[in-house]
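Taking it in order: structure first as structure tokens, then the write-up.
The values are calculated or read from the model by the stated rules, or taken from the named source; none is laboratory data. Quick caveat: nothing in here was measured; it's all calculated off a predicted structure. Ideal geometry is used to build each Cβ from the backbone, glycine not excepted, and the neighbour counts take in all protein chains shown.
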Amino acid sequence: MITILPLLLLCVCAPARCVFQKLYCTIADSCDCDFRPNVRELEWDLYKNVFGQHLAQEVLSEEVARFLAQEAPEKPLVLSLHGSSGTGKTMAGDMLARHLYASATGSPFVHQFIPTLHFPAGGHVQAQREQLKSWVQGNVTECARSVFIFDEMDKMAPGLLDVLEPFLGPSHVVFRTNYRKAIYIFISTAGEEVINKAALEQREAGRDREEMTAAELQDAIARAVYDNPTSGLYNSPIIRQKLVTAFVPFLPLCRHHVERCAQAQLCQRGACGRRDVARAAAADMTYQPSPGHYFSTSGCKSVPAKINLLL
């Protein structure tokens, strides 16, 4: 499981070695704190297990590979994942973290933030901002290659993430700590209307889904997220100053994608042969728009519950 707060974590080692290791982790080109990236395995995992998302597969693989190829990155890698519920955003974020560290998602240098848990509504936003700044600064000091995942961004108070702006730019090096080697992943449903509209227009025009490119959606997603009061990046300088490396679109899922999700779930339960159940689960989902009924309203999110009823 991905490590969640509290976040000021130490390398596990003998005292003398630990001092050297922490210093090395903050200034070296590759962090010795368990950082063992495997881009090929990431590409394969995304291809095999994130269904119907050729755009996300391409962008995530390319941006991670490009970032890791730089001995001295100019800025951190900041990926913002967008799309409807159940399309694979959280799964993809977990996969990225899993293929960066030798200890996979058990690494103490992968940190996940969930607004309802770590920044509950009604809390003092300024105090939460200071706490978040301290957490990020402390953990990047421990390991320059730290990964920060912010899930459910639509439940985060506007302005809270703005405190990260100095860490995401090209020149943030303080007390020998290089903040430009960290990776930030934002996950949100904001922008889903833009993405779903583009997918629908592609389908109704008779064009193949795989012909869509991420580049044609970047500006539209950025505007939609910036203008959305519940996006977590509403009116944020993070977007104004173009500190997001890439906005990663997750397309709405068609019935055959949902069926593949169901088949994968059945295989995990040792019931790969029950293709009848996979078909029935996909058929029992709700699809939109009307007319057409092309895309699942809940993606693959309800698949496990459907399978429980059908088995």
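Would you mind listing the helices (runs of 4 or more DSSP H) fully within the stretch 219-311 where at least 3 residues are among the hydrophobic types (A, V, I, L, M, F, W, C)? Steps first, please.
Working: elements: 237-240, 255-268, 275-283, 303-310.
The qualifying helices (runs of 4 or more DSSP H) are 255-268, 275-283, 303-310.
Is it the case that residue 206 is crowded, with 21+ Cβ neighbours inside 10 Å, part of a loop (DSSP other than H, G, I, E, B) and of a type in the set (Gly, Ala, Ser)? Even if it seems obvious, please write down each step before you answer.
Details: crowded, with 21+ Cβ neighbours inside 10 Å: no; part of a loop (DSSP other than H, G, I, E, B): yes; of a type in the set (Gly, Ala, Ser): yes.
No.
Residues to consider are 151, 227; find the one that is of a type in the set (Asp, Glu) and touching a residue at least 12 places away in the same chain (Cβ under 8 Å). Full working, then the answer.
Working: 227 fails: touching a residue at least 12 places away in the same chain (Cβ under 8 Å).
None of the others qualify; the one that does is 151.
Determine whether residue 229 is in the same structural domain as residue 153 (by TED's automatic domain parsing), touching a helix residue (DSSP H, G or I) at 6+ places or on another chain (Cβ under 7 Å), surrounded by fewer than 19 Cβ atoms within 10 Å (Cβ to Cβ) and within 30 Å of residue 161 (Cα to Cα).
No.
For residue 78, only one of the following conditions fails: (1) at pLDDT 90 or above; (2) surrounded by fewer than 18 Cβ atoms within 10 Å (Cβ to Cβ); (3) in contact with a Ser or Thr (Cβ under 9 Å, 6 or more places away or on another chain). What is its number?
Going through (1) at pLDDT 90 or above; (2) surrounded by fewer than 18 Cβ atoms within 10 Å (Cβ to Cβ); (3) in contact with a Ser or Thr (Cβ under 9 Å, 6 or more places away or on another chain) one by one, residue 78 breaks only (2).
Restricting attention to helices (runs of 4 or more DSSP H) lying wholly within the stretch 42-159, give those where 3 or more residues are in contact with a His (Cβ under 7 Å, 6 or more places away or on another chain) and of a type in the set (Lys, Arg).
Numbers: elements: 54-68, 89-98, 115-118, 125-142.
Those helices (runs of 4 or more DSSP H) do not exist here; none qualify.
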